[in-house]
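Contents: one structure, followed by commentary.
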Amino acid sequence: MSDKPLLQADGIAKRFGTVVALRSANLQVEPGEIHALLGANGAGKSTLVKALSGVHRPDAGSIRVNGELFDVRNPRIAAEAGLATVFQDPALIPDLTVEENLRLTNLPSEVVHDWLERMDLADVDFEAQIRDLPLPTLRLLDLARALARDPSLLMLDEITAALTADQAEHVFAVMEDRKSRGKSVLFITHRLGEVLRMCDRATVLRDGQDVEVCVPGEVGEAGLVQAMLGEVAKATPDESSALASLDEAPVALETIELRSGDEVRGVSFSLRAGEVLGVAALEDQGQDRLFELLSGDRRADAGEIILADGEALDARSPYDAVRKGVVLVPSDRLHALLPKRPIRENLTTPLYNKITKWFSLAGDEKQRVDSAIDRLSIDTRAGKQAGRLSGGNQQKVVVGRWLASGFRVLLCFDPTRGIDVGTKQQIYHLLRELADGGAAVLLYTSELAEIPLVCDRVLVLYDGEIVDEQPAVNATEQALLTAAHGISEEVA
Amino acid sequence: MTTARLGSVRDVDWRVALRRYGWNTGVWLLLIALLVFYASTIPSFGSFQIASIAKNSLPLVFLAIAQAVIVIAGGIDLAVGSMLILSNAVAAQLMDEQAFGITLMVAVLVILMAAALNGAVGWVISVSKVPDIVVTLATLFIIAGLALLVLPSPGGGTSDGFRALFTGSATGTGTNFWPALVMLFVPMLGAAWWMKHSRTGLSLYATGSDPTAAYLSGVNTARAKIVSYAVGGAFAAMGGLASLAITGSGESRFATASNFTLKSVAAIVLGGVALTGGIGSVVGAAAAGIVLFVLSPVLSAMGVDPNTAQVIQGALIVLVMMIAGIVQLRRERAA
């Protein structure tokens, strides 16, 4: 082996439309090491892995394998060069059987079967369709498929997130095995304990850049968290609203033992009028499903959602929820808007249900649209199509249309994802203002540092359950991150 | 608990098998039921009727296979009917007054030409990213226009041997049903095997089922699209050759092209191919093609007038889809 790194990525940059996913990321993986890639949500970990495996072509930067410049044009070329990836979403074809999936990728099923056997999955039926198999099995199957190529670098994007503890042990054994054979592993995870235990080195990404390369064992968990967060901009919270009075405020929405599959496992909380209630969680801890249930996109298996007047939400579709005043601001703004239609029309979309005069909106509703535009300072001249607005302005339009139509409970799912700091401030200010005006706001944000700035209380969701609740003023990012990693649970 | 969650599905094998092959079996049973019913309503049912049904359903069966291959790969081709009449026209012009050997060579040539032409359509779609339905709506007119240029008025012809190859007799009518059955089953089973057992065939399913996952597993999704259109073109050409063999002369009519296209879509839907791609098989589509063909003689044997028969055909498709939808819903609820 030469002393050249197995993989060297320099200055990798990638943007999607107006969102910058990677600014300039560097990464070096040596032969025979287990290397962790860390970072908060949205730091660019997955994008970097996808650039290294040929899914996204970087806008700038170079990738070298064993010192040779390497143009990763597509996943097949990456795999042939010894870079095998287990992606966050299994790359298996749902309508084909296991055996057909292997044939598709030209892998001998005996080799894959051997690997499955080592992971206690010898009983997987190769004639079963992928869509009939549970997610953990699929992830391990994807891993077995990657291993069958005997890659020099195995990239694992949050593979342990969906696995049980004993399954994760199998993955760790595989990683150790790779290392002992002089092969490398790039390991992405949110679980810092796994990093401390398994990884030789770690590269920490923040805002699309690498900020630190360290030895996890030396810096410890606290050091890793510190590196992931960077210098937390200490903005002072708004003059804190009278918390005591909140306890007497009427409940706007209450859930009782809400359950849905494995994702939401008995969630009970109450949201009061005039309150911004934060939800803190790592990725895939059930927050997506919880918001789907609350916004009427999906029905719960068990449990109840009760509104202010004691009425059950019982929504069959988002339309029902909207009629009862429960509205959603999703993270994917283009999903919520009609991107090719003008801004004004987007603001009036929810009003379509309320049209009182044929062919034109009632007068006061026109006024409401105007006032929403004013309040949010949406730049209506910016473009005739909502899709051409910047991410921040698009999100303002989404909030604005609910302002125009009226609501009681505002569900915000990571509304500031990929939005610049200035607009972020405006959106948070607006949420605060809405709450002070009597609205109830439930806010999930992947940016934990912002929870104390805007929320009154915060719930911590871990593995589909609420594991912690605290007043937001005390919720430092460190405390939230610790709770969100389920660490407090182990201490208890 | 963990092992139970991860466990194999072997213990519910029959349910999985039923789900996977249920639709195919259902369509074939429906076909058999229709044939039995038909046999019982008419005074005599024998080899003449079998031969007649087998050979006359060939064009639609081939077209249904063509459409199924393309839709399974995630596309849709509104021009299969035009490709049928173009192949029919070209073959009728070139085969007229020729010996059997020549006509066979022409047939191979026509199939290759149609595959190349339709493969080019697939290439345009995958390069331009214009939706399949838009591009093939345009080619529906373009290819039908070409067919009219080649054969402006009905005419041309073929060799007796070539007619016998598809129909069992030089005149296109008779009681020998074997050639038609062979032409029906051999290409169908060949295509079905290729789709499920070759890597290229599987890449069509993969691309239609989940293009992202297919791309991530290293499938060349652009190539899969082109291949699906090329194979579809070849089968559409088979349809054109079959109808030339049945009638003994060529005919280019736009109404034939558009009608056949619509019927091919109806056939694959009835045959269990999901319009969203990735699900279904050419075997089901082929059976549904025969069902759609057999319905008209069955209904006329029952004394239903042709206009009402159209309504019943349409209603049947909706009914089958509704039943399938309800079954699917129950399955999801149960899961």
If A:Thr47 passes every condition in (1) within 14 Å of chain B (Cβ to nearest Cβ); (2) under 20 Å from A:Ala162 (Cα atoms) but one, which one does it miss? (1)
Strands (runs of 3 or more DSSP E) wholly inside the range A:1-117 that include at least 2 residues being of a type in the set (S, T, N, Q): A:19-29
Residues (assigned to a loop (DSSP other than H, G, I, E, B) and either among the aromatic types (Phe, Trp, Tyr) or more than 23 Å from the chain's Cα centre (by Cα) (or both)) located in the range A:428-472: A:Gly437, A:Gly438, A:Ala439
With the requirement that a residue be farther than 15 Å from A:Asp166 by Cα, more than 7 Å from chain B (Cβ to nearest Cβ) and not aliphatic (A, V, I, L, M), what does the range A:130-145 give you? A:Arg131, A:Asp142, A:Arg145
Which residue pairs have Cβ atoms under 9 Å apart, sit 6 or more places apart or on different chains, and have a first residue in the range B:211-239 that is within 14 Å of chain A (Cβ to nearest Cβ) and a second that is among the aromatic types (Phe, Trp, Tyr) and not in a helix (DSSP H, G or I)? B:Ala213/A:Phe87; B:Leu216/A:Phe87
Selection from the range A:57-112 of residues that are buried (at least 22 other Cβ atoms within 10 Å of the Cβ), within 19 Å of B:Tyr205 (Cα to Cα) and either more than 11 Å from chain B (Cβ to nearest Cβ) or of a type in the set (A, V, I, L, M, F, W, C) (or both): A:Ala91, A:Leu92, A:Ile93, A:Leu96, A:Val98, A:Leu102, A:Leu104
All positions within the range B:151-180 that are under 25 Å from B:Ser82 (Cα atoms) and either open to solvent by 50 Å² or more (accessible area, probe 1.4 Å) or assigned to a loop (DSSP other than H, G, I, E, B) (or both): B:Leu151, B:Pro152, B:Ser153, B:Pro154, B:Gly156, B:Gly157, B:Thr158, B:Ser159, B:Leu165, B:Gly172
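Residue-by-condition table, conditions (1) over 23 Å from the mean Cα position of the chain (by Cα); (2) surrounded by 20 or more Cβ atoms within 10 Å (Cβ to Cβ):
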{"position": "A:Asp123", "(1), (2)": "yes, no"}
{"position": "A:Ile130", "(1), (2)": "yes, yes"}
{"position": "A:Leu143", "(1), (2)": "no, yes"}
{"position": "A:Leu147", "(1), (2)": "yes, yes"}
Restricting the search to the range B:1-59, which residues are open to solvent by less than 30 Å² (accessible area, probe 1.4 Å), of a type in the set (Gly, Ala, Ser) and either at pLDDT 90 or above or not in a loop (DSSP other than H, G, I, E, B) (or both)? B:Gly22, B:Ala51, B:Ala54, B:Ser57
Check off (1) touching an Asp or Glu at 6+ places or on another chain (Cβ under 8 Å); (2) outside any helix (DSSP H, G or I); (3) surrounded by 24 or more Cβ atoms within 10 Å (Cβ to Cβ); (4) among the small types (Gly, Ala, Ser) for B:Gly232 and give me the number that stays unchecked. (2)
Picked from the range B:187-209 (must be more than 11 Å from chain A (Cβ to nearest Cβ) and aromatic (Phe, Trp, Tyr)), the residue least open to solvent (accessible area, probe 1.4 Å) is B:Trp194
Exception for A:Leu37 within (1) within 18 Å of B:Thr221 (Cα to Cα); (2) open to solvent by less than 50 Å² (accessible area, probe 1.4 Å) falls at (1)
All but one of (1) touching a residue at least 60 places away in the same chain (Cβ under 8 Å); (2) in contact with a Leu (Cβ under 7 Å, 6 or more places away or on another chain) hold for B:Val121; which doesn't? (2)
With within 26 Å of A:Thr97 (Cβ to Cβ) and of a type outside the set (A, V, I, L, M) as the only criterion, which of B:Trp193, B:Trp178 stands out? B:Trp193
State yes or no: is B:Ser243 at the interface with chain A (Cβ under 10 Å from one of its Cβ atoms), open to solvent by 10 Å² or more (accessible area, probe 1.4 Å) and hydroxyl-bearing (Ser, Thr, Tyr)? no
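The values are calculated or read from the model by the stated rules, or taken from the named source; none is laboratory data. Keep in mind it's a predicted model, so treat the numbers as computed, not measured. All Cβ positions, even for glycine, are placed from backbone atoms using ideal geometry, and neighbour counts span all protein chains on display. These area figures cover heavy atoms from the full protein model, side chains too; ligands, DNA and RNA do not enter into them. Shrake-Rupley method; radii C 1.70, N 1.55, O 1.52, S 1.80 Å.
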